[in-house]
Amino acid sequence: MLVWLYWIAGLTLTTYLSASLVRRFPEVGLQALVAFYVIYLAASQILAVRIVRFELGFYTLHAPAAVFLYPFIAQAIDMINEAYGYRKAQWSILIAFLTQVLLVIFILLVNSLKPAPFFKYEEAWQRIFAQGVRITAASWASFLICQSLDARVFAWLKRRYEEKVWLRSMGSDVLNLTLDSVLFVTFAFWGVAPVGPLVLGQVVSKNIIGLLDTPWFLWYKRMLRPVGLRREVYGGQAQ
């Protein structure tokens, strides 16, 4: 129960701050959304190491703890797309990807240093942060493919069904979260672990949590509407 309180509090706070900044200070709002996007990604890379259990009552799933952050990631790129358009969303994805490359480089840099003789947690540190090349490559590939597809589908749905905010939010997120689960697990664990159960656990848990964040995105959109900003600033032109 406590995890859901943290999740709701975090999503509520970031949604309110994002909408407030976009509404009052459009340029700062974009910077804030990209910053949130980057920190969500960095946190998910670290938290994905811990595998947790999801009790659904009739079935038990196992998935990385980072599944709680994936909806934040999907929502952040949707917020950018909604307010600033497809091109800004694409640039944000590229910037975020480069920060993840830097994160891995920094971790490798630190791991190359010799630990102090009194540092007792070196083995645990190496286990957590010494990601294999295959897993890292799988993460990067699935991120670029799925986030780019999410942005494109969101923009297309907005052009086609502009008033159906829930449709572009849910439609793009379900596609993104499902495909990301399939691609990442397949790339990372094919031949070394049972892919089917891992894919199932991620797809179900990600989409359940991902769909739960839809009301916050609708709230974000509603907070933007009363403000008479120029359409090209936050009208989300799908360029």
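What follows is calculated from the coordinates using simple rules that are stated; it is not laboratory data. Treat the numbers as computed from the prediction; the structure is a model and nothing was measured. Methodologically, a virtual Cβ is constructed for each residue, glycine included, from the backbone with ideal geometry; neighbour enumeration extends over all protein chains shown.
Please report the net charge: other residues with Cβ closer than 10 Å to the Cβ of Asp173, K and R +1, D and E -1. With Lys, Arg at +1 and Asp, Glu at -1, the net is -1.
Helical runs assigned H by DSSP (4 residues or longer) give the chain a calculated mean residue ellipticity at 222 nm of -25500 deg cm²/dmol, each run adding -39500 (n - 2.57) before division by the residue total. Within the chain, the longest run free of exposed loop sites, counting GluC sites (Glu not before Pro) that sit outside DSSP helix and strand states (H, G, I, E, B) and have at most 14 other Cβ atoms within 10 Å, spans 1-161. Relative to the dominant Cα principal axis of the chain, helix 214-224 is inclined by about 40°. In this entry, the chain is assigned a mean projected area of 14.4 nm², taken as a quarter of its C-alpha convex hull surface. Assign one of three labels to the range 146-225, namely rounded, prolate or oblate, based on the Cα gyration tensor with a ≥ b ≥ c the square roots of its eigenvalues; rounded applies when a/c is under 1.5, prolate when it is not and a/b is larger than b/c, and oblate otherwise. Prolate, since a/c reaches 1.5 and a/b exceeds b/c. Using the 10 angstrom Cβ neighbour count as an exposure proxy, how do Leu144, Leu33 rank, fewest first? The most exposed by this proxy come first: Leu144, Leu33. Helix 26-47: angle to the longest alpha-carbon principal axis of the chain, degrees 0 to 90, nearest 10? For 26-47 against the chain, the angle is about 20 degrees. Counting only residues at least eight positions apart within a chain, or on another chain, the lysines with an alpha carbon under 19 Å from that of Lys221 are Lys88, Lys158, Lys164. The string of couplings for the range 159-173 from the Karplus curve (6.51, -1.76, 1.60, θ = phi - 60°) is 5, 7, 10, 4, 7, 8, 4, 4, 5, 6, 5, 6, x, 5, 5 Hz, one whole number per residue in order, with x for Gly and Pro. I'd like the orientation of helix 2-24 relative to the chain: the angle between its Cα long axis and the longest Cα principal axis, in ° from 0 to 90, rounded to 10. Between the helix axis and the principal axis of the chain, the angle is about 40 degrees. Remark: Arg159, Arg152, Arg53 ranked as Arg53, Arg159, Arg152, counting other beta-carbon atoms within 10 Å and listing the fewest first. Within the range 114-148, the trypsin sites (Lys or Arg not before Pro) that combine a DSSP coil assignment with at most 12 other C-beta atoms in a 10 angstrom radius are Lys120.
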